[in-house]
Amino acid sequence: MPESSRNELTRRLRQYLDADNVIVDQESQRPYECDALTIYCDLPLLVALPETTAQVQQVLRVCHQLNVPLVARGAGTGLCGGAMPHPQGVLLALTKLDRIVNIDPLARTARVQPGVSNLAISEAVAAHGLYYGPDPSSQVACSIGGNVAENSGGVHCLKYGLTVHNILSLDILTVAGEALTIGSQGLDSPGYDLMALFTGSEGLLGIVTEITVRLLPLPEVAQVVMAGFESVDAAGDAVGAVISGGIIPAGLEMMDRLAIQAAEDFAQAGYPRDAAAILLCEVDGTREEVDQHVSQVANLFNSMGASSLTISQDEAHRSLLWKGRKSAFPAVGRLAPDYYCMDGTIPRGQVSFVLNEIHQMSEHYDLRVANVFHAGDGNLHPLILFDASDPNDVRKAEEFGSRILKLAVQVGGCITGEHGVGVEKLRLMPSQFSAEELLQLEDIKHAFDPALNLNPGKGVPILKRCQEYRALPARHQHE
Amino acid sequence: MSEEPKPAGLDDSKAIVTSLMQAREEARPVYITAGGSKRHIAGRDCDSDTLDVSLHRGIVDYQPQELVITARAGTPLTELIAALQEHNQMLPFEPPLFGGKATLGGTLACNLSGPARPFRGSIRDAVLGVQLINGKCELLNFGGKVMKNVAGYDVSRLQAGALGTLGVISEISLKLLPQPEKTLSLRYEMTAGDAIECMNRRAGEPKPLSGAFWLNGDLTLRLSGAASAVESTAAQWGGDILDAADNTWENLRDMTLPYFANDEPLWRFSVNPAATLSTATDSSLIDWGGAQRWLRGEYPLQELQQAAASAGGHVTLFRGGDRAAEVRSPLSGTEQHLQQQLKRAFDPDGILNPGRLYSWL
Ligand SMILES: Cc1cc2nc3c(=O)[nH]c(=O)nc-3n(C[C@H](O)[C@H](O)[C@H](O)COP(=O)(O)OP(=O)(O)OC[C@H]3O[C@@H](n4cnc5c(N)ncnc54)[C@H](O)[C@@H]3O)c2cc1C
């Protein structure tokens, strides 16, 4: 885009936004160049920071009129390059829309703006004995708008569901800036279930400007049973035993040796350093129920060969046991200059097999890998340690990662359980979908965004066919 | 894994694709049917030739250890439930069985779930993946058999409530739950207004509530879960304990309560669970902890639709009445346009159940 167009765009946006909220100079744009997957970065034409929904609408209208690409951004904690700016487009940062609009304790809902952080919702409703279920490990920072766009999960999604199960209604702005509300205050809506379609759509179908979330009653009691195992296989088998044993834990997480040691150094949570793997199993409910389930789970772990067993004694102890898990990514991050977090999901019964394969790949590529993941859901997070300043390391890490995800598909799983496709996994989409399936996804995209201006080059590959559409090819190739 | 798959039934998908291709060539829309239990409910009447998918049935894969089942769309729910029963598992959404005629595909297409829906989720919530045949006669797979999958748009859950207008659903994978150790129901005499307040308050407590409905001056609450939790909650909440042999919940689920035995038009409201509905009468039935309400009688759609909108939701003429007219709340112009675009993305020639959801879709 020529400089004159940038000037025109800036001028138009500054009619609606404070001059400070339209960032043009490159130095001030730097903080927006990437999300938490820092190997993919770029600078946008400009960054827009609207403070109201009306301003968001104006930004959309201007971009629509000038046919300019637009990339939404929440807190930038995404792990797939989903919020990476487009060099010819506007980066729309929604962090200033951070108001909790309304809390309805009786109906157990809250209406919030997209920039509100995940944890802030639970904190705001705690006084009513309620909380918001999905709890990504990034919950202190990540925005609820980003959660909707990625259909984020968390430790407690095993029992309480993903974002898609915990939201009731969305206010949306279409690419042309038209407003609509989808979903309802009830449990379904007339016509097609656009809530399902928008959740996890990675900012490709529209901009979310308000979210009505469903709230859950805070459990009476929650307790964690932590078990160490001498082999990854034994821990994997224990996961299957819990799930088929008739208990749905609130969370069931696994960490392997490297992750345990890193987390223990970081959080001093009392993890058994000598274990090959640990499981953290949380059960919640009424006092009686938790007592019953804690002893059932503890017995099960013992019978599956646990080498150590710890049961949380009080809330402080429970938080400490989780602190190690929730800080595992940054803790592992201290072991190497960089880490690359993968996100495949596999059938739970394949956990041991896949972990062993990953271990062998790790030797092959000579890159260390730590595993921290949502074992109860079969959602793996291998963290590949590498050095981003070494091009050979980057190449190896990417190849290693791709192989893990292809393996996940081979054993009946998928390339991403919760982090999204973004720019990162775009080229892996054909390993999960046929050409017809990809074209169907592309047709959905066209239904909402015919000019393909929303987050171009992400989420869903746009195949050859689209070269019929004007001005596309260049805009869709990030490579 | 541990279990041998069940006898496979019949994979009739090739024949379905062939019939659909023929229909497409002849520009002859089809009405998709299997058990036929929902022909005259949930949507508008459809006069297209029928495409019968009832032969396409059977459990394809059941892994009790994974809490996942995959079955063909024409499989009767009773067959699924019997297989799950052997492993002490269940469909979380407690679907209506309609005398054994209800099939898995029809249940997803109509997004039908029973009294447990607010507490354990709907069929839409339980779906992990679908195989479907779109209007271009392509057999496509979306989602999968794993608990979490965010690659591509969620085409699987999009089928819930689409009434077959986006594709012929071929196979469905669902998330399951273990059966609760104990179930117990409590009854209280109270007015509808008090019942709505009470249902919502109870649902906000961390207790194993799994059903809450009101009819004819009685609120009934159901508890399911660990025996210890169910018993202690029942002791705290009081009320009259229902006889274990009482089958009210099954009758509510299957719409076989005397309340439903009637030819009057039957309206379904899906609203804010705590809202007061201006059209409520003494003969309303309140289910889903307040979020689903039934009303019988002749009313203009527009009047009910306004009442539903003020209660934060929408209304459907579920059964009876004029089924050639629109049967559900209208959409805004913007949304209507998007829904039409979406329909075109799946079914460019409009051969799948045209007019079943809305006259314009
Ligand atoms: C340490 C760490 C731990 C993590 N743990 C988890 C975890 O446990 N579970 C999990 O699921 N994820 C996890 N993540 C990933 C990340 O936090 C989630 O994907 C989160 O939902 C992203 O939210 P965000 O606000 O940062 O979004 P961003 O990264 O800013 O954006 C993500 C995507 O959403 C789009 N988007 C943002 N806002 C909107 C909007 N209002 N309308 C439309 N589109 C929008 C963007 O275009 C982009 O495609 C983790 C990340 C880190 C760094």
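The values are calculated or read from the model by the stated rules, or taken from the named source; none is laboratory data. Being a predicted model, the structure only gives us computed values, none of them experimental. Ideal geometry is used to build each Cβ from the backbone, glycine not excepted, and the neighbour counts take in all protein chains shown. The accessibility values were calculated without ligands, DNA or RNA, using every heavy atom of the protein model including side chains. Shrake-Rupley method; radii C 1.70, N 1.55, O 1.52, S 1.80 Å.
Listed values, structure above:
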{"quantity": "Breaking point among (1) within 25 Å of residue A:447 (Cβ to Cβ); (2) without any contact (Cβ under 8 Å) to a residue 40 or more places away in the chain; (3) open to solvent by 10 Å² or more (accessible area, probe 1.4 Å); (4) within 13 Å of the ligand (Cβ to nearest atom), for residue A:163", "calculated": "(3)"}
{"quantity": "Given (1) assigned by TED's automatic domain parsing to the domain that holds residue A:185; (2) small (Gly, Ala, Ser); (3) within 11 Å of the ligand (Cβ to nearest atom), number of the condition residue A:122 does not satisfy", "calculated": "(3)"}
{"quantity": "Some residue of segment A:61-68 being in contact (Cβ under 8 Å) with a residue 24 or more places away in the chain, in a loop (DSSP other than H, G, I, E, B) and in contact with a Leu (Cβ under 9 Å, 6 or more places away or on another chain)", "calculated": "yes"}
{"quantity": "Residue, least open to solvent (accessible area, probe 1.4 Å), within segment B:134-149, restricted to residues that are more than 7 Å from chain A (Cβ to nearest Cβ) and more than 13 Å from residue A:429 (Cα to Cα)", "calculated": "B:135"}
{"quantity": "Residue count for segment B:64-88, restricted to those that are under 17 Å from residue B:123 (Cα atoms), of a type outside the set (S, T, N, Q) and within 14 Å of chain A (Cβ to nearest Cβ)", "calculated": "4"}
{"quantity": "In segment B:57-83, the residues that are β-branched (Val, Ile, Thr) and open to solvent by less than 40 Å² (accessible area, probe 1.4 Å)", "calculated": "B:59, B:68, B:69, B:70, B:75"}
{"quantity": "Residue match in segment A:274-297 (condition: touching a Phe, Trp or Tyr at 6+ places or on another chain (Cβ under 8 Å) and β-branched (Val, Ile, Thr))", "calculated": "yes"}
{"quantity": "Test result for residue A:66, open to solvent by less than 50 Å² (accessible area, probe 1.4 Å) and either within 27 Å of the chain's Cα centre (by Cα) or outside the structural domain of residue A:203 (by TED's automatic domain parsing) (or both)", "calculated": "no"}
{"quantity": "Output for segment A:3-24, where each listed residue is open to solvent by 80 Å² or more (accessible area, probe 1.4 Å) and either of a type in the set (Asp, Glu) or not in a helix (DSSP H, G or I) (or both)", "calculated": "A:3, A:15, A:16, A:18, A:20"}
{"quantity": "Residue within segment A:211-225 that is out of contact with any His (no Cβ under 8 Å at 6 or more places or on another chain), surrounded by 24 or more Cβ atoms within 10 Å (Cβ to Cβ), in contact (Cβ under 8 Å) with a residue 40 or more places away in the chain and over 27 Å from residue A:120 (Cβ atoms) present", "calculated": "yes"}
{"quantity": "Extreme residue, farthest from the other protein chains (Cβ to nearest Cβ), among residues of segment A:211-236 that are charged (D, E, K, R) and touching a helix residue (DSSP H, G or I) at 6+ places or on another chain (Cβ under 7 Å)", "calculated": "A:233"}
{"quantity": "Residue in segment A:95-105 that is under 28 Å from residue A:167 (Cβ atoms), in contact (Cβ under 8 Å) with a residue 60 or more places away in the chain, more than 18 Å from the chain's Cα centre (by Cα) and within 14 Å of the ligand (Cβ to nearest atom) present", "calculated": "yes"}
{"quantity": "Candidate set from segment A:106-120 (those that are in contact (Cβ under 8 Å) with a residue 60 or more places away in the chain and out of contact with any Leu (no Cβ under 8 Å at 6 or more places or on another chain)); member that is farthest from the other protein chains (Cβ to nearest Cβ)", "calculated": "A:112"}
{"quantity": "Top-ranked residue in segment A:359-390 [being within 15 Å of the ligand (Cβ to nearest atom) and without any contact (Cβ under 8 Å) to a residue 40 or more places away in the chain; ranked as farthest from the other protein chains (Cβ to nearest Cβ)]", "calculated": "A:380"}
{"quantity": "Selection within segment B:288-343 - more than 8 Å from chain A (Cβ to nearest Cβ), part of a strand (DSSP E or B) and under 30 Å from residue B:204 (Cα atoms)", "calculated": "B:293, B:294, B:295, B:296, B:315, B:318"}
{"quantity": "Subset of segment A:125-153 [more than 12 Å from the ligand (Cβ to nearest atom) and open to solvent by less than 20 Å² (accessible area, probe 1.4 Å)]", "calculated": "A:125, A:130, A:132, A:133"}
{"quantity": "Every residue from segment A:26-45 that is crowded, with 20+ Cβ neighbours inside 10 Å and not in a loop (DSSP other than H, G, I, E, B)", "calculated": "A:32"}
{"quantity": "Filter pass, residue B:268 being open to solvent by 20 Å² or more (accessible area, probe 1.4 Å) and part of a strand (DSSP E or B)", "calculated": "yes"}
{"quantity": "Criterion: in contact with a strand residue (DSSP E or B) (Cβ under 7 Å, 6 or more places away or on another chain) and of a type in the set (Asp, Glu) - qualifying residue of B:205, B:197", "calculated": "B:205"}
{"quantity": "Cβ-Cβ under 8 Å pairs, at least 6 apart or on other chains, segment B:247-275 side free of Cβ contacts under 8 Å to residues at least 40 places away in the same chain and away from chain A (no Cβ under 14 Å), far side in a loop (DSSP other than H, G, I, E, B) and open to solvent by less than 30 Å² (accessible area, probe 1.4 Å)", "calculated": "B:251/B:257"}
{"quantity": "Count of residues meeting criterion [of a type in the set (A, V, I, L, M) and free of Cβ contacts under 8 Å to residues at least 24 places away in the same chain] in segment A:391-408", "calculated": "0"}
{"quantity": "Enumerated strands (runs of 3 or more DSSP E) restricted to segment A:243-360, each holding at least 3 residues that are buried (at least 23 other Cβ atoms within 10 Å of the Cβ) and at pLDDT below 95", "calculated": "none"}
{"quantity": "Any hit, segment B:150-163, residues being surrounded by fewer than 22 Cβ atoms within 10 Å (Cβ to Cβ), more than 7 Å from every other protein chain (Cβ to nearest Cβ) and among the hydrophobic types (A, V, I, L, M, F, W, C)", "calculated": "no"}
{"quantity": "Subset of segment A:106-119 [within 10 Å of the ligand (Cβ to nearest atom) and either open to solvent by 30 Å² or more (accessible area, probe 1.4 Å) or polar (S, T, N, Q) (or both)]", "calculated": "A:113, A:117, A:118"}
{"quantity": "Selection count, segment A:407-437, where residues are more than 7 Å from chain B (Cβ to nearest Cβ) and over 24 Å from residue A:163 (Cβ atoms)", "calculated": "8"}
